[in-house]
Structure formats: structure tokens, C-alpha cells
1. Amide H to amide H under 5 Å from residue 89: which residues, 5+ apart in sequence or cross-chain, H placed 1.01 Å off N in plane?
2. When Lys and Arg each count +1 and Asp and Glu each count -1, what net charge do the other residues less than 11 Å away from residue 221, Cβ to Cβ, add up to?
3. Could you check what % of the DSSP bridge pairs in region 12-130 are antiparallel, to the nearest 5?
4. With a 1.4 Å probe and all protein chains kept in place, how much accessible area does residue 150 have, in Å² rounded to the nearest 10?
5. For residue 187 and residue 20, compute 0.36 nm times the residue count separating them, minus their Cα-Cα distance, and round to one decimal in nm.
6. Considering only protein heavy atoms and a 1.4 Å probe, what is the carbon-and-sulfur percentage of the accessible area of region 45-115?
7. What number do you get for region 15-83 when its Cα radius of gyration is normalised by 2.2 N^0.38 Å, N = residues?
8. Report, in debye and to the nearest 20, how large the dipole of region 89-136 comes out about its Cα centre when Lys and Arg carry +1 and Asp and Glu carry -1 on their Cβ.
Amino acid sequence: MPGRDMRTPRHVSSVEPTGFMSERTAEYTLVPAISAELRPFFGFAIPFFYWTSREGTSLSRECGPREPVRLVAVFARRPKLRAPEDAEIRVRINDELFAFAAISAQAGIPVFAGVPLVRSLFDPRPERRCLWLKICARGDVAGPTELCFTPDGGIGKGTLLPTSGLRGPLAAADIARFSEREAHPRSWGDGLDAIRQVRAQARDGGGGAVWFGAGYRPFHVALGMGVGPVG
């Protein structure tokens, strides 16, 4: 008996969007992309994932740069589809990310989200397009924000930006401008302290964020001071 064709089209409108990759897998595309996009503006853009017992140690501080740095946080988001032939890629920004952004912004670390605009883990394009959003603090709006985009980065039906707490889609120059304006210049050691304090406040429920599970941890990018104001 022949097996069922797993690629048989489904009724897209009746299926709940779901992901086909984890946030960690998405990071493998996002990390080199944002590093390459920001490096021309800041001289260096070094991605890292903060662990208190690794990046947060005294040795890490001693090995860090002598010049000031700016820090930004980036949440990887999963592209979601209703079916392989879906014309739009869906992205969800959860409540927890808005709460984290409010805490992080107070510490001078702006927060962004990125998603690979692909329909398959095996997307054959040599350069996968990524979509970038800035996550801001929002008021009393509750519930996750669902956005739709086309694979070329166009805005899909029902998505209006800027919406509450989000700015985008962002080009590299937009990310650079937000980073220059909102990321506080500081020593490497002070930056590590700021990340630790933001994590602790988020974990303890500060600012309404009662959370911090393993699934929602951003990576960070350390930026140089650049050669001049971003145009």
C-alpha cells in the first residue's frame, strides 16, 4: 500500500499556524546576519549568549575590550506556516518579550526580534532573508501580537506597523540608529552587570514579567563605538 503523500496541500485557512524550526535553529541564521549588518556602522559587532558562570566571570571582564561598548538584545522568533504552500509567514511576539523589553530598555539595552523569512529548514537560497523588529514597552495591551509577512519581507494582510510596542520591518540602518540612540555606552564589565540585573528583574517578575523560562532567552550583540554618528 503506497504511503500517504505528506506534501498533499491542505486547506490553509482552516489550519492553525505552526513552526518547523526551534528558536535555537533560527539563531544560526540570525546571528551571522545581524553581526554582518551592524559591523559597518560600529566597527565590531560581537554576538554572545550570556551565562553568569561563563561570560559573567571575572576572567571574561579582564579579557574584554578596554574601550566602551553598546549592547543590544535579540530574540529569535520562529517562522510559522499553515501549510508548505502558505503565501504568508507568520511571526508571534509574546507578552513576555514586551515585558522583558520594558525592563531592558530601562537598563540601556534595546531589544530586537528577528525571524528568518523561509518556508523550509532546507531553503536553498544562499542568503536567507531575515526580518527585524524592535520590541518596545507597551501600555495595557495584553496578549501576543501576531504578524504576517511575505517571504520577500512585505507586510501581509492584517498586519499594521508600527503597532503597539513594535517598530519595523527594520533595515540595517534602522537597527543601527536605534542602537546608537538607546544603547548606553559603558564598559564591558558594566554591560555584563546590566545584563545580569535585567535577567534577575525579569526572573523575579519585575515590571509585570512573571516568567523567564528556557524558551525565551535572547542573545546579545556587543557593538563598538563606530566612526561617527549613524546617518
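The values are calculated or read from the model by the stated rules, or taken from the named source; none is laboratory data. As the structure is a computational prediction, the values presented were derived from the model and not from experiment. Note that each Cβ is placed from the backbone with ideal geometry, even for glycine, and that neighbours are counted across all protein chains shown. Calculation scope for accessible area: heavy atoms of the full protein, side chains included, ligands and nucleic acids excluded. Shrake-Rupley method; radii C 1.70, N 1.55, O 1.52, S 1.80 Å.
1. When sequence neighbours closer than 5 places are left aside, the close amide H contacts are 149, 150.
2. Details: positive: 39, 70; negative: 37.
Taking every Cβ under 11 Å from that of residue 221, the sum is +1.
3. Values: 4 of 8 bridges.
If I count the DSSP bridges inside region 12-130, around 50 percent turn out antiparallel.
4. Around 40 Å² of this residue is reachable by solvent.
5. Working: separation 167, 0.36 × 167 = 60.12 nm, distance 3.92 nm.
In short, 56.2 nm is gained.
6. On the way: 1450 of 2710 Å².
Of all accessible area on region 45-115, carbon and sulfur atoms account for 53 percent.
7. Its radius of gyration relative to the 2.2 N^0.38 Å reference: 1.47.
8. Numbers: 7 positive and 4 negative charges, 52 e Å.
Using Cβ point charges on Lys, Arg, Asp and Glu, region 89-136 gives about 260 debye.
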